[in-house]
Amino acid sequence: MRSKLVAGNWKMHGGTLQNRDLLNAVLSATADLSGVELAVCVPYPYLPQVQSILQGTNVSWGAQNVSQHEKGAYTGEVSASMLLDFGCRYVIVGHSERRALYGEDSHTVALKFRAAQSVGVIPILCVGETLEQREAGITEQVVAKQLEAVVKSAGINALGTAVLAYEPVWAIGTGKTASPAQAQEVHSFIRGRIAADAAEVAEGLKILYGGSVKAANAAELFAMPDIDGGLIGGASLVAEEFIAIARAAKD
């Protein structure tokens, strides 16, 4: 059985005081939670604070992006080894906002995936379709192409030390959510696609759902056989919501 992972993506939110209060609330309410891994992916400036608060607890931490380069004259970039210096277990790569707003193509995402793995940081690889692509009936083709760029670059076995997140772009920050059946359909497709080349990798791979997960819908989503937790956006900034989602993964 795959254990569940609930990872918060704070995006460009946070402040030292609110971070402290949020994390302390989460820690106190989930200290007894077993069988579910929790993580938060935070803006770069808060990595030292988050490391200080979470070290030795049941909550892991990570970043939301990483450079594909090891080092060099890349002003404003942050390398995977720098993330490792601050104890990051995870880093998100290929989030739809990075693809759409900053022009990251699947080749660049694959390089970032490899950069993270090269130092032992676990990439959370995001794949997903826009509303237009879903309505055109090409969800599976879009997701397969995004996934195959990474497999071609890093090899199928690299997915054995990674996490995937399916994020229907049309359900991020819109209040819309894919139904559990819709989400399961794509998760099952992803697992089946990988299983065609590496059944053992596919069986062990965590595939998170990342489209407006909230306390109200988490349990129903997490009950699906191929949904192994969630990549949580706005709800991860509200202690009560994030705690309830974590408990739904346990139940």
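The values are calculated or read from the model by the stated rules, or taken from the named source; none is laboratory data. Computed from a predicted model, the values in this text were never measured in an experiment. Virtual Cβ from ideal backbone geometry, glycine too; neighbours counted across all protein chains shown. Keep in mind that these areas ignore ligands, DNA and RNA; they rest on the heavy atoms of the full protein, side chains included. Shrake-Rupley method; radii C 1.70, N 1.55, O 1.52, S 1.80 Å.
The residues of region 130-213 have, on average, 44 Å² of accessible surface per residue, using a 1.4 Å probe with all protein chains present. If you wrap the tightest convex hull around every Cα atom of region 161-245 and split its volume per residue, you get 90 Å³. The mean sequence distance of close C-alpha pairs (under 8 Å, at least 6 residues apart), as a share of the length of region 2-85, puts its relative contact order at 29 percent. For the chain, the Kirkwood estimate of hydrodynamic radius, built from reciprocal distances between every pair of different alpha carbons, is 18.0 Å. For region 192-251, the carbon plus sulfur part of the accessible surface works out to 51%, probe radius 1.4 Å. Protection proxy ranking, highest mean first, for peptides 80-87, 4-11, 118-125: 4-11, 118-125, 80-87, where packing is the per-residue count of other beta-carbon atoms within 10 Å, averaged. Could you compute how fast region 102-251 diffuses translationally, taking Rh as the Kirkwood radius over C-alpha pairs and applying Stokes-Einstein at 25 °C with viscosity 0.890 mPa s? Give it in µm² per second. The estimated diffusion coefficient comes to 156 µm²/s. Are there trypsin sites (Lys or Arg not before Pro) in region 202-251 that DSSP marks as loop and that have at most 12 other Cβ atoms within 10 Å, and which are they? Within region 202-251, no trypsin sites (Lys or Arg not before Pro) qualify (loop, at most 12 other Cβ atoms within 10 Å).
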